[in-house]
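A quick write-up on the structure given underneath.
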Amino acid sequence: MSGELVDGVVPPSVSNRANVLEVENLRVDFPTDDGLVRAVRGLSYTLAPREVLGIVGESGSGKSVASLAVMGLLPKNARVSGQVRFGDENLLGLSESALARYRGEHIAMIFQDPMTSLNPVYTVGWQIAEAIRAHRNVSQRAALEKAVELLRLVGIPQAADRVHNYPHEFSGGMRQRAVIACAIANDPDVIIADEPTTALDVTVQAQVLESLRIARERTGAAMILITHDLGVVAGQADRVLVMYAGKPVEVGTADDVFYRPRMPYTLGLLGSLPRLDVGGRRRLTPIQGSPPSLINLPPGCPFAPRCPMRQPICQQEEPELRPTDHPGHLAACHFSDSLVGVAPSDLFRPTARDDVLPEDAGDSAAPEVTA
Amino acid sequence: MLAYTIRRLLVAIPLLIVSTFVVFLLVTFSGDPLANLRTKQPPPSPQVIANYRHMLRLDQPVLVRYWHWVTGLLHGDFGPSVQGGGTLDIGHALFQRILVSLRLVIAAIIIAMILAVIVGTISAVRQYSIADYVFTFTGFLFLSLPVFWFALLLKEGAIWLNNHIGTGFKTLGESSPIVGPGFGSHLVDALEHLVLPTITLALTAYAAWSRFNRSSMLEVLGSDYVRLARAKGLSRSRVLIRHALRTALIPFVTVTALDIAALLSQTIITETVFQWRGMGDFLFTAIRALDVYAVLAWLLFAAIIVIVANLIADLLYAVLDPRIRYD
């Protein structure tokens, strides 16, 4: 039952290919009593070796569902179509047992909540050793030694003792590092990290991100970093893909997306982010409203109802991802050209005013509250 | 854990004392133990009644009687009995009956647990499949059938089959009056008599337990750690058994352990239908004979079973779940 060997069908090496992972026109629908939920509506991206791709978007934008679809871990009622190519194989067509050979061995995953990610009844070391023995024919003792090594690598102190601890004896940050150790146990080619720091304290987040960076460098794996925290992406990602309502709305290098956003939604996200690197006091300019329901999406751009730039065409035609003024930088907006040089505060307005504070009392220019 | 077990057993002593006292009072004030004797025809002489009064210590205050009973228990004396002309050894008789009933209870528990785990797991893994609907339907069917009725149904069905097809179901008693020589034939005879009562009891217990295991499994199957186990590339059977079932068994085992005490009451009914000379028959006979000390002995045993079942449930919980530690 344990330690299935990868015999016979060894997935082809990906080293001679340009990309380790190619996702093409991925669609995920969930039938519900209220209708079809179109969670992912055509997502395509490529991932080069050692590249870090950040996928950002708010809750319900389809970023987690898309990555679970890549791993084949969606619930049975999900309808998935499109292609997920790893090497020459389309993972979407594979059976559960064929997929198991890729999971952990070639593509590993780290989940959001470290408090519930580990099985409470087995020791941390046992669970890491299990991941190793699922793909390698080694003894339990050798696997446990490797587990100690991995725990040390991700920064667990006294790893040789800690390996025998149960998950409840670990703190949240330590558990997430144990999950990272699990993920890199078989030197995967791709690590998918689904909101790896969201459930953690801010101080612990930095440590876990550092563990993640070490893990990535040691294994040479490419990474998909899913988060709604632009700050996390800014420090880690080479390229960024912004998702909204199940579709990518902007793709580019981290610099493209952060310094030259060409989609009002991205601009709005940036304006909602407190910045310490820009001097002076400035109010946040959040995006008003909430994301649309993914059941019976109206025609047109799904962001149009919240977009300060919307024109009649936005409610009729959904824009496709199109090249912008920078090569490789794509945005899905009819008016992306007119966003050149626009700052978030030019487009979005603060929703609250703090001119009741004494030092701001004279600030009569504070904009009115917009309902 | 050993220290905890000892501590729990020590706590059980005052618990037993309180329960025996309450039970003693309830039984004492529930009626006149000599009522049968007084209404006998022809009426026994006042001297006979006086003798019985003295034997049952009815001429002493209640608290003194209780004290005599409890101190007697410590010496293995369960008190005087009005049955068998006052010669019945309650402790010995009850012990024989417990052995008979235990066969039935243990067989039923083992079968019910195995069935419940298998069926609950299949129902959860294949949720909303035809198998799940069939198991759900039969589960609720057995759950809603009263034990006495289900037992009767089985018994009458078996008798009908015996008469029409010639099957050899044993529908009466826990053993045949005349059995061939040798241990083997006694064993076969006992097993044959076990079939119908065991089915009754096992299916009744299984119905509730399989539903419990199903929901317990469903919860675990949707958990993050099962998803992580799959993400590690483990085989499906390993994910299901080592991760999902292993963790789902924690609440399941504790609930079944607690249920064992409840199963006793259904054993009594089942035994009565199949006319076993087990604990159930002992209790009924004792109640009909107004044999207070026999009833008390039986209730004492039931109290011990409840206390032990609770202790087992707690200990199993600690064995199965590393997060639980008693010390």
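The values are calculated or read from the model by the stated rules, or taken from the named source; none is laboratory data. On a predicted model such as this, the values are computed, not experimentally measured, just so you know. We place every Cβ from the backbone using ideal geometry, glycine too, and count neighbours over all the protein chains shown.
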Residue, farthest from the chain's Cα centre (by Cα), within the range A:196-218, restricted to residues that are over 19 Å from A:L21 (Cβ atoms) and touching a residue at least 60 places away in the same chain (Cβ under 8 Å) | A:R218
Do we find a residue being of a type in the set (A, V, I, L, M, F, W, C), buried (at least 20 other Cβ atoms within 10 Å of the Cβ) and within 25 Å of B:I250 (Cα to Cα) anywhere in the range A:153-169?
-> yes
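Residue-by-condition table, conditions (1) within 20 Å of B:A231 (Cα to Cα); (2) outside any strand (DSSP E or B); (3) among the aliphatic types (A, V, I, L, M):
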position: A:A193; (1), (2), (3): yes, no, yes
position: A:L200; (1), (2), (3): no, yes, yes
position: A:L212; (1), (2), (3): yes, yes, yes
position: A:A215; (1), (2), (3): yes, yes, yes
position: A:R218; (1), (2), (3): no, yes, no
position: A:I224; (1), (2), (3): yes, no, yes
position: A:P248; (1), (2), (3): no, no, no
position: A:D255; (1), (2), (3): no, yes, no
position: A:P261; (1), (2), (3): no, yes, no
Quick one: which of A:G220, A:G231, A:G252, A:G289 is over 30 Å from A:R133 (Cα atoms) and assigned by TED's automatic domain parsing to the domain that holds A:A48?
-> A:G231
Out of curiosity, is A:R133 surrounded by 19 or more Cβ atoms within 10 Å (Cβ to Cβ), of a type in the set (K, R) and either more than 8 Å from chain B (Cβ to nearest Cβ) or free of Cβ contacts under 8 Å to residues at least 40 places away in the same chain (or both)?
-> yes
Filter result for B:Q47 (at pLDDT below 90 and under 19 Å from B:R288 (Cβ atoms)) | no
Looking only at residues in the range A:98-118 that are without any contact (Cβ under 8 Å) to a residue 60 or more places away in the chain and at the interface with chain B (Cβ under 7 Å from one of its Cβ atoms), which one is nearest to A:A178 (Cα to Cα)?
-> A:T116
Selected residue [in contact with a Lys or Arg (Cβ under 7 Å, 6 or more places away or on another chain), away from chain B (no Cβ under 14 Å) and within 11 Å of A:V52 (Cβ to Cβ)] from A:A222, A:A159 = A:A222
Sort out for me the helices (runs of 4 or more DSSP H) sitting completely within the range B:191-289 that have 1 or more residues that are crowded, with 24+ Cβ neighbours inside 10 Å and away from chain A (no Cβ under 12 Å).
-> B:246-273, B:279-288
Selected residue (criterion: surrounded by the fewest Cβ atoms within 10 Å (Cβ to Cβ)) from residues of the range A:59-97 that are in contact with a Gly (Cβ under 9 Å, 6 or more places away or on another chain) and within 14 Å of another protein chain (Cβ to nearest Cβ) = A:P75
Is one or more of the residues making up the range A:280-291 in contact with a strand residue (DSSP E or B) (Cβ under 8 Å, 6 or more places away or on another chain), within 14 Å of A:Y244 (Cα to Cα) and surrounded by 14 or more Cβ atoms within 10 Å (Cβ to Cβ)?
-> yes
Of the residues in the range B:99-126, those that are surrounded by 15 or more Cβ atoms within 10 Å (Cβ to Cβ) and closer than 14 Å to B:M217 by Cβ come to B:A116, B:V117, B:V119, B:G120, B:T121, B:I122, B:S123, B:A124, B:V125
Go through (1) in contact (Cβ under 8 Å) with a residue 24 or more places away in the chain; (2) touching a helix residue (DSSP H, G or I) at 6+ places or on another chain (Cβ under 6 Å) and name the single condition A:V190 misses.
-> (2)
For A:A181, state whether it is within 12 Å of chain B (Cβ to nearest Cβ) and among the small types (G, A, S).
-> yes
All conditions in (1) closer than 28 Å to A:T32 by Cα; (2) without any contact (Cβ under 8 Å) to a residue 12 or more places away in the chain; (3) out of contact with any helix residue (DSSP H, G or I) (no Cβ under 8 Å at 6 or more places or on another chain) are true of A:A304 except (3)
Only one of (1) more than 30 Å from A:V204 (Cα to Cα); (2) assigned to a strand (DSSP E or B) fails for A:L92. Which number is that?
-> (2)
